[in-house]
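This is the structure, below, for whatever I ask next.
The values are calculated or read from the model by the stated rules, or taken from the named source; none is laboratory data. Fair warning: this is a prediction, and the values are worked out from it, not measured in the lab. Every residue, glycine among them, receives a Cβ derived from its backbone with ideal geometry; neighbour counts consider all protein chains shown. Heads up: the accessible areas ignore ligands, DNA and RNA and are worked out on the full protein's heavy atoms, side chains in. Shrake-Rupley method; radii C 1.70, N 1.55, O 1.52, S 1.80 Å.
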Amino acid sequence: MCSSDLTIFAANDIIGHAQVFGGAQGQVPLVAEGPVRLFIPKGNSEKMTGRIVYEGPLLAPLEAGKSVARLKVYRGSTLVVDQDLRTAEAIEQGTNLQRAMDASLELGIELFRTYVLKK
């Protein structure tokens, strides 16, 4: 039985985005330092799923190249890729208005989680 080694993202490809709190931008692109490779056994029919995992939202300001997340890829229930993700660019602190809007949004989300989802 043969298998293949597949590059799913090249080095510095944007893999996804993370939410940013209080920044000039609401999200930051995420990249891996090196290529992201996936080993695929031939004839495997298990479902593949991937997730970007981070504690968020991230707080501005953020510097470029900061390790903030992980890319996790599963084949069925088996973790097959667990790779560090870094910010692709710097995010400056937002204006007072941007930060106030983000704070209002976070408060609304927390109230929703507390009073609606827990009932």
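Within segment 85-116, how many residues turn out to be under 30 Å from Ala11 (Cα atoms) and aliphatic (A, V, I, L, M)?
Pass one, segment 85-116, residues under 30 Å from Ala11 (Cα atoms): 85-94.
Filter once more, keeping what is aliphatic (A, V, I, L, M): 85, 88, 90-91.
Final tally of qualifying residues: 4.
May I ask you to verify whether Leu97 is open to solvent by less than 90 Å² (accessible area, probe 1.4 Å), out of contact with any Phe, Trp or Tyr (no Cβ under 6 Å at 6 or more places or on another chain) and among the hydrophobic types (A, V, I, L, M, F, W, C)? Working first, answer last.
Details: open to solvent by less than 90 Å² (accessible area, probe 1.4 Å): no; out of contact with any Phe, Trp or Tyr (no Cβ under 6 Å at 6 or more places or on another chain): yes; among the hydrophobic types (A, V, I, L, M, F, W, C): yes.
Spelling it out, it is not the case that Leu97 is open to solvent by less than 90 Å² (accessible area, probe 1.4 Å), out of contact with any Phe, Trp or Tyr (no Cβ under 6 Å at 6 or more places or on another chain) and among the hydrophobic types (A, V, I, L, M, F, W, C).
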